[in-house]
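Encoded as C-alpha cells, here's the structure I'll be asking about.
The values are calculated or read from the model by the stated rules, or taken from the named source; none is laboratory data. Fair warning: this is a prediction, and the values are worked out from it, not measured in the lab. Every residue, glycine as well, gets a Cβ built from its backbone with ideal geometry; the counts of neighbours run over all protein chains shown. What goes into the accessible areas is simple: the full protein's heavy atoms, side chains included, and nothing from ligands, DNA or RNA. Shrake-Rupley method; radii C 1.70, N 1.55, O 1.52, S 1.80 Å.
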Amino acid sequence: MKLSTKLTLFITGSKLVIVLLFILTLPFLVKQIASEYTNYTLKQQRKKVLNIVHKNGLDYYFQGDDNYGSYTMLKEEFIALLPVKNNLKIDEIKNSQRLIESDTLNYRVLSYTFKDKNKNYLLEIGKTTTSINQYNIPLQRVALYVLITLIALTILLDLTFIRVLIRPLTEIINTKLLNRKFPFKDGKERIKTSTADFKYLDESLLILMKQINEAFYKEREFTSNASHELMTPISILQNKMENLLTDETLDEPSLMAILEMMKTVDRLKNITKSLLLISRIDNEQYIRNDQVKPILIFNEIIEEISHRLEEKQVQIFLNISAESTLKNVNKDLLFQLFFNLIHNAIKFNRNNGSIHINDKYLNNGSYEIIIIDTGIGIPKADLPFIFDRFTKTNLEGDVGYGLGLAIVKSIAAYHQMQIRVQSEIGEGTTFRILF
C-alpha cells in the first residue's frame, strides 16, 4: 500500500473517530453548556433584582405585602421574595419541583439570602427545566453540522497537503525506481523539494545509480575485452593441435589425447564466442533497421536444424501468419534468439514429442509469438534463474554451457521485447515473446 494511501486512510479514520466520539459526548456537552448558561442567567437576574432593591427598596416588590412572587405567563420563569430567619444563609442553584396552580413543574432555582434593614430575606429565581432543554436538540444538530463541515474541510486540506508533501517522493519513485533498466540513462536529475529527508533519499539514489552504472560498464568492458582477447590464443592453440594431428609419428594414445584437448579448446572457443556475442549486444553494436517476416526466420531455422528433429523424432507445427512483419529489428539476432529457443525445445523434448509455434495480436496491438514444447519441463524453483549466465537446469545429458538463454535475454532486452516462461515438470515448457 502506498504511503499517501496509508496517510489518507489514517487521517480519514482519525477524523471519523473524532466525529464518533463527539456524537457520543455531544448530548452531555450540550446539557452541561445549557446548565452553565442557565446558572449564568439566573445570577445575572439576581444581580439585577438586588440592584433594584438597593435603589428602590423592597417596597418596589412587596408593595405592602409580606412577600412577593411573580410568574411569567407560561410559568417558565418566576421570582419570589420572602422574609426568613436571620440565622439562615443560602446561596445555591439546584433543581427543584414547585406546585403552581395544581401543576407540578420542575425548575432550576437560584436561592439566595440577603439582609435589608437588619432583616433577612430569601430571593428565589427559577426557570423551568423544560425551557432549558428545549434548545438541546437544535444545539446538538447545529454543533454536529459545524463539526462535520470542519472535519470535511480539514480532510480536504490534509489530503491537499499530503499530495504536495508526497509529490517529491512520488517523482523519486517514478524516475529512479520504477521500470528501471541497466544501465541508467535517465532519471539523473535532482528532484526539487524542500523536505530534507527526500533530498537525502534522492541524493543517495543518484550516488547509488552512478556506482551501479560504473560497475555495469566495467563488467561489460571486461567481458568484451576478455572475450575478444581470448579468441586469439584459442585460435592459435587450435591451429597447433590441428598441425600436431598431421604428424605421422604420433602413436594412437597421443592422437586421442590431442583430440580430447581439441574438444576442450573448441568448447572454450564456443563459450568465448557466446560471451562476445552477449557483450556486443549489450553494447548495442548491432543495427536495428531490418524488416523481417517471422515465418521466413522459422522456416530457415527448421531447415537448418532438421537433422536434430529427425534424431529425436520431434515434429514442429508452425502456425505463423505469413502477413506478420517485424520492423526496426536485427534479423541475425532474431534468428539467434529463435534458434536457441527451438534448439532447447528439441534438446529437452521427449522422443516422438512435438513443438508448436504460434503467433497472435493482442488487444493492445502487441504482437506475440508462442513456442510450446512437450519436453521434460523446468522446475519452478529454477524458473527465475534460467536466463542467468552459466545457469544450467535439467542436468541430464548434454546441457550446454548455460549461455543460450542468456543470449536470448540480451537479444530480447536489446529489442525491448518481453519474455514470459511457463513450465511444469513432465508437461513441457511455453515461451511467450511479446513485441
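Helix-only estimate, please: 222 nm mean residue ellipticity of the chain, summing -39500 (n - 2.57) across DSSP H runs of length 4 or more and dividing by its residues, to the nearest 500.
Roughly -18500 deg cm²/dmol at 222 nm, from the helical runs in the chain.
Same structure, new question: For Gln32 and Met241 in the same chain, what is the full-extension length gain: residue separation times 0.36 nm, less their Cα-Cα distance, in nm?
Gain on stretching Gln32 to Met241: 64.6 nm.
What residue among Asp66, Asp373, Asp202 shows peak mean-square fluctuation when the chain is described by a Gaussian network model with Cα springs under 10 Å?
Evaluated over the chain, the most mobile residue of the options is Asp66.
Based on alpha-carbon centroids, what's the gap between segment 1-68 and segment 116-160 in Å, whole number please?
Centre-to-centre distance over Cα atoms comes out at 5 Å.
Among 100-106, 296-302, what's the highest-first ranking by average C-beta atoms within 10 angstrom per residue?
Output ranking for 100-106, 296-302: 296-302, 100-106.
Please state, rounded to one decimal and in Å, the Kirkwood hydrodynamic radius that the chain gives when every pair of distinct Cα atoms enters the mean of 1/r.
About 31.9 Å for the chain.
Moving to a separate point now. Choose one answer from Lys380, Lys176, Lys331: the residue with the largest mean-square fluctuation in a GNM of the chain with alpha-carbon springs under 10 Å.
Lys380
Then there is this: Once you wrap a convex hull around the alpha carbon atoms of segment 17-119, what is its projected area averaged over all directions, in nm²?
Value for segment 17-119: 9.2 nm².
Report relative contact order for the chain in percent, whole number only (criteria: Cα-Cα under 8 Å, sequence separation at least 6).
Once divided by the residue count of the chain, the mean separation gives 9 percent.
Ok, one more. Apply the Karplus parameterisation 6.51 cos²θ - 1.76 cosθ + 1.60, with θ equal to phi minus 60°, to every residue of segment 149-158 and state each ³J(HN,Hα) to the nearest whole Hz, in sequence, with x for glycine and proline.
Result, ordered by residue: 4, 5, 4, 4, 5, 5, 4, 4, 5, 5 Hz.
Next question, about the same structure. Once R0 is set to 56 Å, what does the formula 1/(1 + (r/R0)^6) return for the Cβ-Cβ distance between Ile212 and Ser254, expressed as a FRET efficiency to the nearest 0.05?
That gives a FRET efficiency of 0.65.
Then there is this: Roughly how many nanometres apart are two label points built 7 Å out from the Cα toward the Cβ at Ile100 and Ser131?
With each label point 7 Å from Cα toward Cβ, the separation is 0.7 nm.
Express the accessible area of the chain per residue in Å², computed with a 1.4 Å probe while the remaining protein chains stay in the model.
64 Å²
Now, a different point. List the residues, sorted by chain then number, that are 5 or more residues from Ser321 or on another chain and whose placed amide H is less than 5 Å from its amide H.
Answer set, sorted by chain and number: Asp359.
How much length is gained on full extension from Leu88 to Asn120, taking 0.36 nm per residue of separation minus their Cα-Cα distance?
Gain on stretching Leu88 to Asn120: 10.7 nm.
Pull up the DSSP beta bridges for the chain and report the antiparallel fraction as a percent, rounded to 5.
Rounded to the nearest five, the antiparallel share is 90 percent.
Counting pairs of alpha carbon atoms under 8 Å apart in space and at least six apart in sequence, what relative contact order in percent does segment 2-143 give?
With pairs under 8 Å counted, the relative contact order is 22 percent.
Taking amide H positions as placed in the peptide plane 1.01 Å from N, state which residues far from Phe387 in sequence (5 or more) or on other chains have amide H under 5 Å from it.
Result for Phe387 returns nothing.
If packing is taken as the average number of other Cβ atoms within 10 Å across a peptide's residues, how do 70-83, 17-30 rank, most packed first?
Those peptides, ordered most packed to least, come out 70-83, 17-30.
Which percent of the accessible area of segment 3-121 is formed by carbon and sulfur heavy atoms (probe 1.4 angstrom)?
56 percent
Shifting gears a bit: Stretched out fully, how many nm does the piece from Tyr145 to Met261 gain, at 0.36 nm a residue minus the Cα gap?
That pair, Tyr145 and Met261, stretches by 32.6 nm at full extension.
Ok, one more. Can you give me the long-range amide H partners of Gly353? Hydrogens built in the peptide plane at 1.01 Å from N, cutoff under 5 Å, separation of 5 or more residues or another chain.
Amide H neighbours of Gly353: Gln315.
Could you give the dipole magnitude of the chain about its Cα centre, charging the beta-carbon of Lys and Arg +1 and that of Asp and Glu -1, in debye to the nearest 20?
Charge dipole, the chain, about its Cα centre: 3260 debye, nearest 20.
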